[in-house]
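Below is one structure, written out as structure tokens; the observations come after it.
The values are calculated or read from the model by the stated rules, or taken from the named source; none is laboratory data. From a predicted model like this one, the values you see are computed outputs, not experimental measurements. Backbone-built Cβ (ideal geometry, glycine too); neighbour counts: all protein chains shown. Quick note on the areas: whole protein, heavy atoms, side chains included, nothing else; ligands and nucleic acids left out. Shrake-Rupley method; radii C 1.70, N 1.55, O 1.52, S 1.80 Å.
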Amino acid sequence: MVSIDAAASSVATEVNDTSLDISITIGATANLVIVGTSTRNDTAPGTTTSVTIGGNNFTLLGEVTNANGTYSSLWYYLNPSTGAQTITANFSNPAGDDYVTAGAVSFIGAGTPENFASATGTSAAPSITITSATGSIVIDTVGCSVAPTDTISADSPQTQQVRTAALTGY
């Protein structure tokens, strides 16, 4: 059975930085870490160029850029070292992104990620339909442009593990 070991996140606003660190403590039996990143810029969002932990590279699972100036990606790393770790997400930052965010979740008893599905659009109620097998984990990341009073939350049966918000320019 797959279970969640730990979760952590980091956010930066109005930055020209090209990296963002996430501090996470990984348990002794964790065997998978997933990192989701998002950037937003009205002209051209930056992309995530790499994600590392202890100098080791994550593998890109998938990425998507939307016409409204948002970018999101998912990365994974198998069999991480245990204890306090720093995960670094590295970004291209062509126009000084309005924000960059990253969240990490470590899992116990997980296998290698196998599938990636993405969707783009503009909607007050974003959604995507995913077919999965019993016992599978479905993890997502949403990059959006919202007003400070807007919220995004997971619908049942999802459980939100990480939420980052970097609302600027309103």
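Brief remarks follow.
- Thr134 β-branched (Val, Ile, Thr), in contact with a Gly (Cβ under 8 Å, 6 or more places away or on another chain), assigned to a loop (DSSP other than H, G, I, E, B) and modelled with pLDDT of 70 or more: no
- Some residue of region 21-40 being among the hydroxyl-bearing types (Ser, Thr, Tyr), touching a residue at least 12 places away in the same chain (Cβ under 8 Å), surrounded by fewer than 16 Cβ atoms within 10 Å (Cβ to Cβ) and part of a loop (DSSP other than H, G, I, E, B): yes
- Boolean, Gly121 is at positive phi, at pLDDT below 75 and open to solvent by less than 70 Å² (accessible area, probe 1.4 Å): yes
- Scanning region 47-64 for residues that are over 15 Å from Thr101 (Cα atoms), open to solvent by 60 Å² or more (accessible area, probe 1.4 Å) and either part of a strand (DSSP E or B) or touching a residue at least 60 places away in the same chain (Cβ under 8 Å) (or both) turns up Asn56, Asn57, Thr59, Leu60.
- Set Ala44, Ala6: member being surrounded by fewer than 16 Cβ atoms within 10 Å (Cβ to Cβ) and of a type in the set (A, V, I, L, M, F, W, C): Ala44
- Note on region 73-85: residues that are in a strand (DSSP E or B) and either surrounded by 13 or more Cβ atoms within 10 Å (Cβ to Cβ) or among the charged types (D, E, K, R) (or both) amount to 7.
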